[in-house]
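Read the structure below first, then the notes.
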Amino acid sequence: MPARPTIKTIAKETGLSTATVSKALNGSDQVRPVTRDKILDVAKRLGYELNISGVQLRTGKTYQIAMVTVISSPQDDEWGGVGYTQLISGLSHALEGTPYRVVQYQVRSFEESLETIKRIVVNRKADGVIISGTRAGDERIQYMQAQDFPFVTYGTSDAEKPHAFVDTDNKRIVSICVERLIAKGHKRIAMLNADADLMYTGDRLDAYCDALTRANIEFDEDLVANGRLTPAFGREQLFEMSTLDAPPTAYICANEATALGVLSGFHVRGLEHGKDAVVIATDDLNVSQYFSPPITTCYLPISKPSMMLGRFMLRLLDGERPEKLQKLFVPDLIERSADVLVD
């Protein structure tokens with residue numbers, strides 16, 4: 001049986017001193033990131049296992065990253081799009097080869113998420129926190145900044161002090177969709193958006209209004225709806241908007257679950273996609289390629305933002321300034337239909 005790899009084994013393999021290897025494995029910020037990554041790669045390849053308990057006692061670190069997510073009620077069986085399992089998968093992948101692990105805290109409300117974060121910070125249950133579903137004036141962000149506690153958000157905010165974040169470029173994505181539809185002759189464009197208290201909802205609405213203004217198209221509040229992004233929401237809005245005196249000829253859906261509901265409503269009402277109206281969706285999953293008919297989608301693989309969350313957290317814990325850890329992804333436009341109404 002081969003001997004169990006040790007710090008000396010890694011030092012010999014990398015050509016570095018045992019002191020440097022030890023510091024890197026223990027998460028010391030005295031080791032340059034590139035050197036640490038080299039050591040961790042070799043340690044992983046050799047099958048080296050760090051004694052986490054001992055490291056925690058010596059450094060005072062937990063080597064845990066807390067991900068605090070608000071989940072739906074267990075009685076809610078509506079599909080709402082991308083799940084947090086995919087998000088955690090990418091985050092965990094980014095932490096591979098490091099001592100850090102993701103610990104998920106699932107809560108039922110925004111208020112509970114704030115209280116959970118306070119307990120994590122006060123009791124030092126994690127070295128950093130990741131949150132999603134940011135809001136305007138987000139109290140969670142305000143609290144963690146006041147406590148000088150490391151955190152990364154999946155979503156932007158209106159906080160005056162900069163913080164690390166990863167998000168979709170929501171303004172750009174809506175501009176792309178609206179401008180595309182206007183260029184194809186649409187003037188009655190519906191916007192099915194998320195709950196109004198979410199930060200990205202406001203960003204998307206602003207971009208929608210700006211695009212209409214540039215095209216000299218009057219804003220109509222009857223064409224904008226907010227809610228929980230499920231198929232039921234999409235179908236309900238189709239039922240309501242299709243009865244307007246001037247119904248929409250296009251529906252922009254904030255995720256594919258909502259778009260599926262709209263298409264279901266088409267079927268119930270006897271409407272035909274491409275003749276009566278068209279649908280465009282934005283999402284992290286790309287399930288719409290299996291819809292009938294397949295619809296145009298702005299698609300961002302969830303692996304990209306989720307892995308970036310993990311990388312930003314590691315860099316933040318290494319001492320990098322939060323204003324350098326901000327990333328907006330522009331999704332790919334996947335065209336599957338002409339989006340021009342056929343007479």
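The values are calculated or read from the model by the stated rules, or taken from the named source; none is laboratory data. Predicted model only: the values in this text are computed from it and were never measured. Heads up, the Cβs are rebuilt from the backbone with ideal geometry, glycines too, and the neighbour counts pull from every protein chain shown. The area values use the complete protein model at the heavy-atom level, side chains included, leaving out ligands, DNA and RNA. Shrake-Rupley method; radii C 1.70, N 1.55, O 1.52, S 1.80 Å.
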request  = Please work out which option in (1) 32, 24, 16; (2) 30, 23, 20; (3) 45, 21, 18 gives semi-axes √(5λ) of the Cα gyration tensor in Å calculated from these coordinates, and answer with its label.
outcome  = (3)
ask   = Based solely on its DSSP helices, what 222 nm [θ] is calculated for the chain when runs of n ≥ 4 H residues each add -39,500 (n - 2.57) and the sum is averaged over all residues, nearest 500 deg cm²/dmol?
value = -12500 deg cm²/dmol
remark   = Treating only Lys and Arg (+1) and Asp and Glu (-1) as charged, each at its beta carbon, one finds that the chain has a dipole about its Cα centre, in Debye to the nearest 20, of 2240
ask   = How far is helix 170-183 tilted, in degrees, relative to the longest principal axis of the Cα atoms in the chain, given as a value from 0 to 90 rounded to the nearest 10?
value = 30
task = Would you mind checking which residues have amide H under 5 Å from Val278's amide H? H placed 1.01 Å from N; only 5 or more apart, or other chain.
result = Ala250, Tyr251
message = If packing is taken as the average number of other Cβ atoms within 10 Å across a peptide's residues, how do 278-285, 119-126 rank, most packed first?
response = 278-285, 119-126
ask   = Using a basic spin-label model with each label point 7 Å from the Cα along Cα→Cβ, how many nm lie between Gln289 and Glu323?
value = 4.1
query = Tell me, what % of the accessible area of the chain is carbon and sulfur with a 1.4 angstrom probe?
reply = 49
Whole-number accessible area per residue in Å² for the chain, which is evaluated in the context of all protein chains at 1.4 Å = 50
inquiry  = How tilted is helix 231-241 with respect to the longest principal axis of the chain? Cα atoms for both, answer in degrees (0 to 90, nearest 10).
reply    = 30
note = Taking Cα atoms, the helix 256-269 axis meets the longest principal axis of the chain at an angle in degrees (rounded to 10) of 20
query = Rounded to the nearest 5, what % of the DSSP beta bridges within the chain are antiparallel ones?
reply = 10
request  = Run the numbers on the range 174-295 and let me know its relative contact order in percent, using alpha-carbon pairs under 8 Å that are six or more apart.
outcome  = 26
task = Pop the C-beta distance of Asp197 and Leu46 into the FRET formula with R0 = 56 Å and round what comes out to the nearest 0.05.
result = 0.70
note = Toy charge model, Lys and Arg Cβ at +1, Asp and Glu Cβ at -1: the range 89-181 dipole around Cα centroid in debye, rounded to 20, equals 180
inquiry  = Given the options Phe219, Ala246, Pro305, identify the residue whose Cα lies farthest towards the positive end of the charge dipole of the range 203-305 (+1 on Cβ of Lys, Arg; -1 on Cβ of Asp, Glu).
reply    = Pro305
